[in-house]
Structures are given as C-alpha cells and as structure tokens.
Amino acid sequence: MRSGYNLRQVSSLSSFSGSSNSGKGTNSESTSGRFSFYPGIVCLTSGAFIYYINRDQFTAFAADDDDAPVKKSHLREFLDEQAALLKKKLANMTLPEHVPYVIIGGGTAAYYAALTIRAFDPCSKVLIISDERETPYNRPPLSKELWLYGTPTAYKTLDYMSISGKKRDIRYESDGFFLNPGALQEFEHGAISLIRNTMAIELDPTSKEVTLDSGKKVKFDKCLIATGGKPTIPYPFYTPHLRNKVMTYNTTSDYQKLCHIAHESASILIFGDSILAPELAYSLSSKFEKKLKVVYALTTDRPFEKAIPKVVSDPIERALRTSGVEIHPGSKPISVDKLPNGKVSVIFETNGKRETVIVDYIVVADKFEPSVKIAKSAGIAVDEKIGGIIADSKLQTSAADIYVAGDVAAYEDPLFGRVRVSKWENAQITGRLAGQNMTGNIKEFHHRPAFTSTFGHEVHISGVGQTDNSLKTVSVFAPITKENPESRGVVFYVKDNKVVGVLLLNVFGIGIELARKIISDNKEIKDFKELAKLFDLYQPQNENEPEHEPESKFKPESESQPEPNPAMEALAEVEKVKPTVGAPPS
C-alpha cells in the first residue's frame, strides 16, 4: 500500500516539474493537453506493471539476525527520495516572503536559539532552514547511547533506554511541534517553522535576504547562522573507487547506514584522531562483541593525545582493549585499495614499518571543518586560523543583525580571547545567548562550556576550559584501593601559574562547576594538591579505615610551607553559582 503511495508521489512530481512548460508555443493548451495526458497514462500503467513483477523489491526486508535493522531495497530508497523531493518543492512553494527571525542550520544551536527567541518574544515567528531530513536532535548519542542502550528498533525510531529506565528519543521535539511554513503568517501569536532537506546558498546582509537552493528568497529582520560543520575525508581515503566502502559519521542518516553495514560486515576500520573515533569504536565493539572485528587506527601514539595526558588516556585505552577493539596507534595511512573479494586493504606506516589492515568497511572520524561558505560569500568576517565566523562577546557578526552560534562561531571569550568550540554544550549555550540577543535583550558571553566522554561504566571524562596537552599539566589522582578500584582524579591545565582548564576522570557532583569557578577566578595557584581537595576524588569509605592522601604528579619547587590557596574560596562560593544551561539528556 505504501509503495503505491510513493508511486503516486513520483507521478505527481513529474507532473509538477513539467507544469512550468505549460503555456509555451502557439497551441500551448491543446499541445499541453495531449502531451501530458498520454505519457501520464503510459507512466502509470508501466509503473503498475513494474511494481507487480518486482513487488518484492519494493518492500523492506530483514537480515537473518533478529536484531538486524530492516533494510530498504534500492528501488524503495529511490521512491522515498523522490517523495522527499516532492515535499521539499511543495514546502518551498508555500514559504512566506518575509519572516522576522530566520535561522540557517537545523542543529542544537538552531533549536535552542529558536526556543529562546520565543521565550523573550512570545509572538515571534521563527523559520529554521535545515539541510537534514530529521527535526533538530541531540547528536552525542549517535556514537554512544544508540549503540549501547538503543531499543530493538533504534535504527528507525532513534530512541534508547536511559539509565533511569525511561525511553529517550534523540530528537528534541516531534514533527507536530514545528508549524508548516505555509501557515506561519496566519498565526497571530507566532510559532517555530522548520523546512527540511533545504540549503541556504546565499545570504545578502544589505537587503536582509536568504536564497535557498530551490531559488526561493526569504527576507528577515534578524538572522542566525548555525551551520555547524562537516567531517572531512583525508588522503588516501577520498578516492572515487572507494565511494561505497568509505563513509564519514555525523548525522542520523550516517547512523542508520552504519547499522546496516555493521550487521553485514565481519570487520570495520575506524580511523581518526577526533574524540568521535574511540567512542564509536568502543560502542560498536561492545554492541556486536565477537560478531564484528573493530579496528581503531590513529596517527597519534594514544587516544586524545593532543588534549589529555597519558594518565587519563591509559584508562581509555584499557577500556577499548577490554571491549575487544584492536588499536593501531601512530599509524599514518599510505594507500587504500579495493580487493577483488570486496574487502578493503589499507597500508599504514608505523615507526618506519608498513603494515596492512584488511577490513570490509572504513569509517573516517577525523577532522571537522566549520561551514563558513555562506558567510564568507556574504562578506562576513571569517577567522582563517581557527576557522569559524568571527563574532563578538554578544555573538554578533561583522554584519548588522546577523548572529552566529554553535560549532561555526569564533567568539570572544572574556579570558582566552577568540575561541571556537566544537562541543554539544557550546552549541546549546551559544544558541540560547544568540537567540536572546536577537530579541534585543543583550547579554555577553560568560558561561564556559564543558564536554563529556564516556567509555562504558569504567571511564567518564569531563572537562572545561582550555584542555590542551601542550600546556603545563598538574595531575592529582586518588590511590587505587579495593574501595576505589577505578582511576579517579583531576588534571589542571596551567598557564602563568593560573588554571585555564580542568579535566576530571570519574569525578562527579559539582566538579565541573568548581572547575568553572577556579578558571573564572583567574588567580595564581601555588598548591595544587590542596586545590584538588575541592573535588570528590573518593567513594564513601568505612569509618574504621584511614583515608588516603591523593597522589600528586606535581613536585613543588621548594619544600617550604605553601601559602594559603586563594582558589579555596571557590568551595564556599560555588553553591551560589547556578548553571545557565541544563545537563544533556542522559
């Protein structure tokens, strides 16, 4: 029944596309009548005949594994694509000519900006232009929760079971939350409208107009650029003959594609130095166990080498190996070839020696490039060094009434100057701040975003500030005992004897808020061991057992009694600090 529906959609699409030629020529009406009726009958009859003899190809089918996702046939995928194109054309036809608030991008920053605009301007009308097929969604679960705790139909429903036992959908809202663009002008009290599968290809700051890939133009009063970024494929993986053997990983479509690939493959290579690569490797290996061989290759000597010290990366590496991941550190890809049996051969160079890895498929999770093209072509200032669209502390770009938020924003941090952060919480914070400022309720950036990364129940990392391993680091860890079998500690990133970043390993509670306070205080620190006592480095112990002093990886220059630590005041003051954003969904 559904296949027939999509056939009608394709037929309608053909009629829709051909209607623009009506009225041409001397005998346009009669010619149009004859030449649109008979081909239509032929197409409909042919389509019905093709569907009858190939009806099995229209339907979805499942693999032998009961947990495997349902796979669409190529014909089924084609029909769905055509139906999506038709919906896009119809949505563009009904777009209003002017919307007060236009948001380019459909991610986390765009969603929270739209909510904040509506909160400060209750009767506002907001249009989100998204190039994705889904409504805005929470991206981190794509590499963790959906694999580890996903429901049996997660490949289709995009939901998982949270720690509390509740079902969670990665999408922030259902389809019904967003108003049809054609009805936006009719709503007196405003609404948020979303147009999907659509790209904004041109932005004119002078006329305040956005041009879509359909050719439709929409005028605005205020505009937010929240285009995020795209993953890149480095050499030698980016070659035409490897097109069906190499993929990047960033969207729900990528997740659903990898679901099929993982069930059909015996081995997968995940390559990259990003935080995504080891997370995805751990999740795939943990889910499929011995059914799937997961190879994780990176150019550095250990995971997150550029961001975290060895004392923190060691537990990550142990967790990866325990889950069954085969790790190839310090591996530079030299060449990639597709073998006659369908597998892929990758030659890596490690310490001057070459080794060959043969797998069924390759996932590249390496570098991430901010999408600045639309801003650059509009003459808006772009930072060529760190990437991103330049903005001030209010997230205002160099163009009047145009703001920026999320991964693509290169904004002014009150302590560190211009920064660009590619983290989930940063997208949420900057989205809210930009949305508020767009309504005229001006506020400057002050809340430093944090990040988290987990590897099962054994390793939980969270950090805030400048977590750059090129800086001086001071690590303070609790000794491992029977009561505290897991590594637990704090790493301070120091510049000019001031803490500019904090990394926590298996430390929970108010640790991140304490870290924010210490960084914001911007005071010189002389005793890091005392500073570390602010953090909960221990699990509850029996009263009759003595407490252990934390082990510090920092050796003071002198044995003299250190002066009182000014940052200790943070313990009393942190209770007054209330975060401006909520925690990400569990």
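Things worth noting here:
- Where residue 150 falls short, out of the listed (1) at positive phi; (2) surrounded by 15 or more Cβ atoms within 10 Å (Cβ to Cβ); (3) out of contact with any Ser or Thr (no Cβ under 7 Å at 6 or more places or on another chain); (4) not assigned by TED's automatic domain parsing to the domain that holds residue 423: (1)
- Segment 434-489, subset part of a strand (DSSP E or B) and over 20 Å from the mean Cα position of the chain (by Cα), residue surrounded by the most Cβ atoms within 10 Å (Cβ to Cβ): 489
- Set 306, 257, 310, 287: member being under 22 Å from residue 333 (Cα atoms) and basic (Lys, Arg): 306
- The residues in segment 370-420 that are surrounded by fewer than 24 Cβ atoms within 10 Å (Cβ to Cβ), in contact with a Cys (Cβ under 8 Å, 6 or more places away or on another chain) and part of a strand (DSSP E or B) can be counted, and the count is 0.
- So residue 323, is it closer than 30 Å to residue 477 by Cα and under 25 Å from the mean Cα position of the chain (by Cα): yes
- Within segment 519-533, residues that are free of Cβ contacts under 8 Å to residues at least 24 places away in the same chain and of a type outside the set (A, V, I, L, M, F, W, C) sit with their Cβ atoms under 8 Å from residues that are surrounded by 16 or more Cβ atoms within 10 Å (Cβ to Cβ) and assigned to a loop (DSSP other than H, G, I, E, B), at 6+ positions apart or across chains, in these pairs: 533/550.
- Hits in segment 217-256 (condition: surrounded by fewer than 17 Cβ atoms within 10 Å (Cβ to Cβ), in contact with a strand residue (DSSP E or B) (Cβ under 9 Å, 6 or more places away or on another chain), among the basic types (Lys, Arg) and farther than 30 Å from residue 185 by Cβ): 230
- Filtered by the rule that a residue be aliphatic (A, V, I, L, M), out of contact with any helix residue (DSSP H, G or I) (no Cβ under 8 Å at 6 or more places or on another chain) and over 14 Å from residue 461 (Cβ atoms), segment 298-348 gives 334, 339, 346, 347.
- Residue ID - farthest from the chain's Cα centre (by Cα), chosen from residues in segment 125-181 that are β-branched (Val, Ile, Thr) and closer than 21 Å to residue 453 by Cα: 163
- Residues satisfying the stated conditions in segment 191-232, i.e. closer than 19 Å to residue 136 by Cα and assigned to a loop (DSSP other than H, G, I, E, B): 196, 197, 198, 199, 226, 227, 228
- Residues that are among the aliphatic types (A, V, I, L, M) and either within 24 Å of the chain's Cα centre (by Cα) or modelled with pLDDT under 95 (or both), drawn from segment 204-242: 212, 224, 225, 226, 233, 242
- On inspection, residue 448 fails the criterion of being farther than 17 Å from residue 104 by Cβ and at pLDDT 95 or above.
- Screening segment 99-184 for helices (runs of 4 or more DSSP H) wholly inside it with 2 or more residues that are in contact with a His (Cβ under 8 Å, 6 or more places away or on another chain), of a type in the set (Val, Ile, Thr) and within 25 Å of residue 443 (Cβ to Cβ) returns no ranges.
- Residue match in segment 371-383 (condition: more than 26 Å from the chain's Cα centre (by Cα), of a type in the set (Gly, Ala, Ser) and modelled with pLDDT under 95): no
- Residue match in segment 170-177 (condition: under 30 Å from residue 151 (Cα atoms) and of a type in the set (Val, Ile, Thr)): yes
- Number of positions in segment 110-153 that are touching a residue at least 12 places away in the same chain (Cβ under 8 Å), in contact with a Pro (Cβ under 9 Å, 6 or more places away or on another chain) and among the small types (Gly, Ala, Ser): 4
- Qualifying residue in segment 496-506 (condition: in a strand (DSSP E or B) and more than 21 Å from residue 304 (Cβ to Cβ)): yes
- Among strands (runs of 3 or more DSSP E) entirely within segment 265-364, having at least 2 residues that are hydrophobic (A, V, I, L, M, F, W, C) singles out 267-271, 293-297, 332-338, 344-350, 353-359, 361-364.
- Qualifying residue in segment 127-148 (condition: farther than 30 Å from residue 202 by Cβ and among the β-branched types (Val, Ile, Thr)): no
The values are calculated or read from the model by the stated rules, or taken from the named source; none is laboratory data. These numbers were taken from a predicted model, which means no experiment stands behind them. A quick note on method: Cβ atoms are made from the backbone with ideal geometry, for glycine too, and the neighbour counts reach across all protein chains shown.
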